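Heads up, the thing below is written out as structure tokens.
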Amino acid sequence: RRQLCPVHLLRSDRHLMTKPLLELIGVEKSFGANHVLRGVDIDVAPGRSLVILGGSGSGKSVMLKNALGLMTPDAGKIVFDGEDVTHDQGKEREAMRARVGMLFQSGALFDSLTVWENVAFRLLNADKMKRSDAKDQAIETLKKVRLGASVADLRPAEISGGMQKRVALARAIITKPDLIFFDEPTTGLDPITADAINDLIIEQVKALGAAAVSITHDMASARKVADEIAMLYEGKIIWRGPASEIDHSGNDHVDQFVHGRADGPIQPA
């Protein structure tokens, strides 16, 4: 029998005085006979960093797309800053997205744009900011991720993978978002560069006081950036707790995943 975490018992560890900024309540999503999300309950409050673990095909990306409004749940609710945004479209949905930053797994930089144009993409296209003002703001934001003005006019192909990830982080934080999603932020990076990215994530999330939700397979990253860790398995959150307790979860699925063992209740994909 699968071991489930008594999520309600963890509430005392999650800043009782701080209302969640984002809540997924009983979220379900299917594609034909494939039931990907089977009642996901998760929340994160301002100033808190939540890391979600899960193997390939566990539903992490689908959960993220539902939270962002790129998909609509078949059942359940998405609540942002106390408002039910599950079925919001148009201006209402855009108002939410304006308060959200996103660091994509591959960085997702535009090859045809310069570094500063990538960082200032929203300022230029959604906010219609003057190019000179947007460039100034992009350069200031690049400094926050330890990149100098000398890279601003380069193309993504002209800088290293680690620098590209920093540029993507700068783009995610330039509008000072209230909520930031990190999708596999250290994928493809060597351990030293990955650790530097983790440090920058921690620094910028704290500086903004933002709520942060990260999806990762990188346990070193999860241990470092998380206040709390949750595990998604077969479309449900089966464990959630402080990052310091991940090695003592009492859950066979979590233990197998954390220690990367082939033997256990989770079958290799």
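The values are calculated or read from the model by the stated rules, or taken from the named source; none is laboratory data. Just so it is clear, the structure is predicted and the values come from calculations on it, not from any experiment. When we count neighbours, we look across all protein chains shown, and the Cβ atoms used for this are built from the backbone with ideal geometry, even at glycine. The protein model used for the area step is the full one, side chains on, heavy atoms only, and it has no ligands, DNA or RNA in it. Shrake-Rupley method; radii C 1.70, N 1.55, O 1.52, S 1.80 Å.
When you scan the stretch 151-171, do you find a residue that is surrounded by fewer than 22 Cβ atoms within 10 Å (Cβ to Cβ), within 22 Å of Lys60 (Cβ to Cβ), in contact with a Gly (Cβ under 9 Å, 6 or more places away or on another chain) and among the charged types (D, E, K, R), even just one? Among the residues of the stretch 151-171, not one is surrounded by fewer than 22 Cβ atoms within 10 Å (Cβ to Cβ), within 22 Å of Lys60 (Cβ to Cβ), in contact with a Gly (Cβ under 9 Å, 6 or more places away or on another chain) and among the charged types (D, E, K, R), which makes the answer no.
Counting just the residues of the stretch 137-150 that are outside any loop (DSSP other than H, G, I, E, B) and small (Gly, Ala, Ser), which one comes out most open to solvent (accessible area, probe 1.4 Å)?
Step one: filter the stretch 137-150 for residues outside any loop (DSSP other than H, G, I, E, B), giving 137-144, 149-150.
If we keep only those that are small (Gly, Ala, Ser) too, we end up with 138, 149-150.
Details: Ala138: 0, Ala149: 55, Ser150: 100 Å².
Per the criteria, the residue is Ser150.
Does Asp133 satisfy being touching a strand residue (DSSP E or B) at 6+ places or on another chain (Cβ under 9 Å) and charged (D, E, K, R)? So Asp133 fails the test. Considering only residues that are polar (S, T, N, Q) and open to solvent by less than 10 Å² (accessible area, probe 1.4 Å), which ones fall in the stretch 35-86? Scanning the stretch 35-86 gives Asn66, Thr86. Beta carbons closer than 7 Å, at least 6 apart along the sequence or on distinct chains, pair a first residue in the stretch 59-87 that is in contact (Cβ under 8 Å) with a residue 60 or more places away in the chain and small (Gly, Ala, Ser) with a second that is crowded, with 16+ Cβ neighbours inside 10 Å and part of a loop (DSSP other than H, G, I, E, B) for Gly59/Gly235. Among the residues of this structure, Glu184 counts as one that is closer than 24 Å to Val36 by Cβ, among the acidic types (Asp, Glu) and within 17 Å of the chain's Cα centre (by Cα). Can Phe110 be described as in contact with an Asp or Glu (Cβ under 6 Å, 6 or more places away or on another chain) and not small (Gly, Ala, Ser)? It is false that Phe110 is in contact with an Asp or Glu (Cβ under 6 Å, 6 or more places away or on another chain) and not small (Gly, Ala, Ser). Name the one entry in Ile266, Ile246 that is open to solvent by less than 10 Å² (accessible area, probe 1.4 Å) and more than 17 Å from Ala45 (Cα to Cα). None of the others qualify; the one that does is Ile246. Report whether or not Ile266 is within 17 Å of the chain's Cα centre (by Cα) and not charged (D, E, K, R). No. Quickly run through the stretch 112-136 and pick out the residues that are within 19 Å of Met102 (Cα to Cα) and open to solvent by 60 Å² or more (accessible area, probe 1.4 Å). If the condition is that a residue be within 19 Å of Met102 (Cα to Cα) and open to solvent by 60 Å² or more (accessible area, probe 1.4 Å), then Phe121, Arg122, Asn125, Asp127 are the ones that fit.
Asp199 meets all of the listed conditions (1) under 20 Å from Pro46 (Cα atoms); (2) surrounded by 15 or more Cβ atoms within 10 Å (Cβ to Cβ) but one, namely (2). Screening the stretch 8-86 for strands (runs of 3 or more DSSP E) wholly inside it with 3 or more residues that are within 20 Å of Asp183 (Cβ to Cβ) and at pLDDT 90 or above returns the ranges 22-31, 34-44, 49-53.
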